[in-house]
Every structure is written in structure tokens, then in C-alpha cells.
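Engineer: Attaching a single structure in C-alpha cells format; questions to follow.
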Amino acid sequence: MIEPHAPAPPGCPQPRSAPDGPGGPVRLPVRPGTGRFLVLAGVFVCAACGLVYELELVALASYLMGDSVTQASVVLSVMVFAMGIGSLAAKRLRPLAAAGFGAVEAALALVGGCSAMALYAVFAWTGDWGGMWANGPRCLLVAFSLATGLLIGAEVPLLMELIQRIRRQDAGGAVADLSAADYVGALVGGLAFPFLLLPFLGQLTGALLTGAVNAVVGGALVLGLFRRDLTRRARWLLLVGNALVLAVLASAAVLVDDFEHAARQAMYGDDVRVALRTEVQEVVLTGGTSGRSLDLFLDGRLRVSGHDELRYHEALVHPAMSGPHARVLILGGGDGLAAREVLHHSRVDRVDVVELDAEVIRLARTDPALSALNRHAFGDARVHVTTEDAFAWLRGAAPATYDVVVSDLPDPGITASTKLYSQEFYGLARRVLAPGGRLVVHAGPVASGPRAYWTVEATLRAAGFRTAPYGAGGGHAHFAAGPGRTPADRSWASRDWGFVLAARTDPRPRLDPGGPRPRVLTEASLAAGERAARRTRIPGLPASTLVHPRY
């Protein structure tokens, strides 16, 4: 325990700190109580900024790479490890606590504030995040997590030293005060990120603003409260350093719109027509004019390609329509293309589309190219749209309502979609099927992702379905943009779709004898897709559940 500092006897000189004796109490420009309050307020703000940096890295990595569980685990574990190393390293700076804290905050503001822009730039100009951990973007993510953690970890020992220099107290009390300010600040930062910074400023500007606040508060605390504890040279270095950091952050904020435009062109090519960030995802539309193919990207992944979407949607919808199909449910499919194929069948009375993102629905209705591609499906009186999470919607749906359920959802390997490929989800889908009804699932690539594909099939069987797996060629959602890889260049994109047709009795993928003739899909290609899928079978895979996801 640290002994309280005893005041000097009357008539003796009072202790005072000087640049050459930083170990004693600090001579403050304010009363000690006010000084302690200002230090704890600084702890509060710095903790809020630190948590924003952490959440920013997690959010950006999850958006660019997918698999948010893995990205959050990597970022947070590396940062916590680095915080411990930073705390140990800061012990050497305790004799120069004021100058050390000022330098740490300036560096943290620069690293944390610029991290999102740097990561986005590397992704845009070097390509996809896939591949080994040794590639550039993933290494940069780990490097920023490590650097941010080291600097955050160095804060607490230095702040502990500074607050003890103002007024000595027992170590337990000082730790309690600092921890309380730190945790409350983290709460505010954690709430501000999703509810204020992200929706109103976006990822890049939000990070830059957080860095500016961090630099201003850290610099003001040291230069205003502890300036007498610094040499003249140290004061000038901190002042110039913080000014440069603020200049860099301000310049980046001014250029952020031009940067995003250039990065978007590097990722998607020159013909970006629509780019918006919804409450759910980033939506980008390219092409669709002057004879160029329309492409729809969701969170950087190609979801619809006008070059070959017909192969995908015909293979998804038509085999499930061979049988009763008066009432059809489409889960996902906000682009309207699955609904277009369903409406080709004249015996359809009602189509319910459950799509989470209302902006995608709006684009499918109003964008000239996309609405022309889906043949204005959402203008058909038989089509009814609900903007809701598919899992939640199924829980409240009436049983035995639909003859056909079409699951047109992103690949199961994307963490946000994992629950929509679980045994519980398929159990809910089975409940809404009428007797003799059929469910068809887009299950990801067959040849390039057989484990995930056959896990979907095993999960459907665990939910009480009989299954008929089949594949189709044509290229779809695994395209990711990068340098020299624009939407006009498909030569390297994956051409591999997998589907599973499921029913209570043995289903058979075939075309409706009395229905419309698809333009691309044939009985022969369906049979070939079945054979190709069977060749990739991985037996004995366990089902994926909510509590034990397998993808």
C-alpha cells in the first residue's frame, strides 16, 4: 500500500515538482480535487475512444471478410494480449508519466483514427481478404489490433502515476477510481459506435472523429494540467505532435468522400451507379446501362450478375415448382429475381417475400435496370413483401401455409447467415409447409465448398426432411472485387452453385411438365447437376444448430 504523503511542518518549504524531479507531487494550476476530476474525465474519454477503435476494427473486418465471430475473436484477443504488453512496457515511462501519456495519446489518436481508412484502402487496392493469414490485409488487421492494444494498455499505468502525483491515496482506492471512469467510458463508447458514429458518420469519418477527440483530450490534459511537470522542449514536442496528428486526421476527413469514391471504383470498376449503406449492409449496383451487364453487390460480394443470374434463379426455383405451387414463400430474394421465376407459373395465387433489407426491396422496385431485370415482379398484385428477419418471421407464421418455400439467402459460411442454415430454422420452415410441400435451399458452392454444402444437406435431414442435392454452373456470389478484377471480368470468378430440394417424402429435382419452359435449365442439366453434386458427398457430417454452428 502506498503511504499518504505527509505535509511539511509549518514554516518549511512545501514540496513542489519540477522538471528534474518528476517523482513528487505536481504543482497544478487548479485545486487538487479539480485536478483529480479532470484526470478521471480524461480517463473516461480515452476509454470511450479506445473501445470505439476496437469495435471499428471488428466491424470493418467483419464487413470486408465476413465470418464476424472469427474476426471479433482475432481482433479482441490480439488487443487484450497487446494491452498486457503495453502495461508492462509503460512501467519504464512512469518517471516521465506526463510526457509519456501525452505521447501515447497522440500516437493512439493517429493509429486508431486512421486504422479504418488504411484497412479499407488495402482491401480496395490489393483485393479479396481470402487466402492465408500471410496476405497483406489480414496482416494489417493484426498489426493495427496489436498497435492499438499496446497503446491502450500503456494508458492505465501512466494515469495511475499521474493521479497519485496529484494526491496520494491507497493503491486500491486509486485503482477503483480509475477503473470506474474507464468502464463507464467504455460503456459510452460502446453505445456511441452503433447508435451515433456508424449510422450518422460512417466507419471512416467516425474513426477519424474519434481520433481527433482522443488527441484533443489527451493533449489538453497533459499540456493544461501537467505542463509544469514538463520541460520546455517536451511541451513544444507534444504541442507540435498533437497539431500534426490533428492536421492528418482533419485532412483525411476532408478527403474521405473522394477516397471512398476512388476505392469504390477500384473495387467495382468505373460504372458504379448506386452505392449506399443501409441499416443491414452496403449495397452497390454497377452497370445496367449502355449495354453493360447489371451487377448487385451486397457487402462487397457479388449477389447478382446479369451475365448469368438466369442460370442461378431458374435452378433455384423451377425444380421446387414441380407439384402444387399455389402459395409460395421466398425467404430473402429482395432483388425480385426469384419472384420473377415463380410468377412464370400461371397457377401461382400468392407469393410472400420476406426480406430483411428494405432498401434492397426499394431498389428492386425503382431502379430502372434492376426492375427491368426482375420484370417488375414486385408490382404484381400476387406478390406481398415483408421486411423482417426470416427466422423471426417463420416463428410467427401459420403452420401448413405454403406449397413451396424458396430459401434464397447468402452462403452459410457468412456468420450473419449461419442461423438461417440451422436445424431450428429448417424445423420452422418444415412447419409452414403444407402436406406435399417442398423446400429448396441455396446451399453455397458444391465443388469449392463441399463441407459447408453437405452440412446444409445433413442439417435438413436432421430437421425431418428427405433431400435431393443438385448443382448448377454459372458463377455467383463468390466474386469479390480487387485490383484489375472489375465486374466486367468474370474469368476468375467461381462458377459453382449448390442447391438442396427437400420434402417430407423423397423429392426429385425435375421440371413441371405442365409449367413454363425455362430459358436455360433443362431436364438434362438438372440430372447432370445431381450427378455432379453426388460426386462431392462427404458422409457423416453433423447437423448445424444454433448452439453449435458447423459452417
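Engineer: Nearest 10 degrees, 0 to 90: what angle lies between the long axis of helix 523-534 and the longest principal axis of the chain (Cα atoms)?
Structural biologist: 50 degrees
Engineer: Now for a separate question. Classify region 172-250 as rounded, prolate or oblate from the Cα gyration tensor: take a ≥ b ≥ c as the square roots of its eigenvalues, call it rounded if a/c is under 1.5, otherwise prolate when a/b beats b/c and oblate if not.
Structural biologist: Numbers: a/c = 4.50, a/b = 1.22, b/c = 3.70.
It comes out oblate by the Cα gyration axes.
Engineer: Using +1 on the beta carbon of Lys and Arg, -1 on that of Asp and Glu, and nothing else charged, what's the dipole of the chain about the Cα centre, debye to 20?
Structural biologist: 780 debye
Engineer: Continuing with this model, one more query. Which order do peptides 397-409, 82-94 fall in by mean Cβ count within 10 Å, highest first?
Structural biologist: 397-409, 82-94
Engineer: How high is the FRET efficiency between Arg395 and Leu239 when r is their beta carbon distance and R₀ equals 56 Å, given to the nearest 0.05?
Structural biologist: It comes out at approximately 0.40.
Engineer: Where both residues lie in the chain, what percent of DSSP beta bridges are antiparallel, nearest 5? Don't skip to the end; give the middle numbers.
Structural biologist: Values: 29 of 48 bridges.
Bridges in the chain that DSSP calls antiparallel: roughly 60 percent.
Engineer: Please report the accessible area of Cys139 (heavy atoms, 1.4 Å probe, ligands and nucleic acids excluded) in Å², nearest 10.
Structural biologist: Roughly 60 Å² of Cys139 is accessible to a 1.4 Å probe.
Engineer: Once the Cα atoms of helix 97-126 and of the chain are each reduced to a long axis, what angle between those two axes, in degrees from 0 to 90 to the nearest 10, is obtained?
Structural biologist: So the helix axis and the longest Cα principal axis differ by about 20 degrees.
Engineer: If you work out P(r) over Cα pairs in 10 Å bins from 0, in percent from the coordinates, which of (i) 3, 16, 24, 21, 14, 8, 4, 3, 3, 2, 1, 0, 0; (ii) 4, 16, 23, 19, 14, 11, 8, 4, 2, 0, 0; (iii) 4, 18, 26, 25, 16, 7, 3, 1, 0, 0 do you get?
Structural biologist: Matching the structure shown: (ii).
Engineer: Expressed in nm to one decimal, what extension gain is obtained for the pair Lys91 and Thr505 from 0.36 nm per residue of sequence separation less their Cα-Cα distance?
Structural biologist: Extending this stretch completely gives an extra 142.1 nm.
Engineer: In what order, largest first, do Trp236, Trp125, Trp454 sit by accessible area if the probe radius is 1.4 Å? The partial results should precede the final answer.
Structural biologist: Numbers: Trp236 140, Trp125 115, Trp454 5 Å².
I get Trp236, Trp125, Trp454, largest accessible area first.
Engineer: So, one more: Would you work out which of Val30, Tyr426, Ala390 lies farthest towards the positive end of the dipole of the chain? Charges go on Cβ: Lys and Arg +1, Asp and Glu -1.
Structural biologist: Val30
Engineer: With a point put 7 Å past each Cα toward its Cβ, work out how far Ala176 is from Cys139 in nm, to one decimal.
Structural biologist: 4.8 nm
Engineer: Report the calculated FRET efficiency for Ala247 and Leu196 (r = Cβ-Cβ distance, R0 = 30 Å), to the nearest 0.05.
Structural biologist: Step by step, r from the Cβ atoms, then E = 0.75.
Engineer: Skip the ligands, DNA and RNA, and give the accessible area per residue of the chain with a 1.4 Å probe, whole Å².
Structural biologist: 43 Å²
Engineer: To the nearest 10 degrees, how steep is helix 171-192 against the longest Cα principal axis of the chain, on a 0 to 90 scale?
Structural biologist: The helix 171-192 is inclined about 40 degrees to the chain.
Engineer: Can you give the relative contact order of the chain as a percent, counting alpha carbon pairs under 8 Å and 6+ residues apart?
Structural biologist: Relative contact order, the chain: 14 percent.
Engineer: Take the Cβ-Cβ distance between Thr366 and Val80 as r, set R0 to 41 Å, and report the resulting FRET efficiency rounded to the nearest 0.05.
Structural biologist: Details: r = 46 Å, r/R0 = 1.13.
Efficiency computed from Cβ-Cβ geometry: 0.35.
Engineer: Hey, another quick one. Given points 7 Å out from each Cα along the Cα-Cβ axis, report the Val69 to Arg519 separation in nanometres with one decimal.
Structural biologist: 4.0 nm
Engineer: For Ile152, tell me the accessible area in Å² from a 1.4 Å probe, rounded to the nearest 10.
Structural biologist: About 20 Å², rounded to the nearest 10.
The values are calculated or read from the model by the stated rules, or taken from the named source; none is laboratory data. Model, not experiment: these values are computed from the prediction. Heads up, the Cβs are rebuilt from the backbone with ideal geometry, glycines too, and the neighbour counts pull from every protein chain shown. Areas reflect the complete protein model, heavy atoms only, side chains present, ligands, DNA and RNA absent. Shrake-Rupley method; radii C 1.70, N 1.55, O 1.52, S 1.80 Å.
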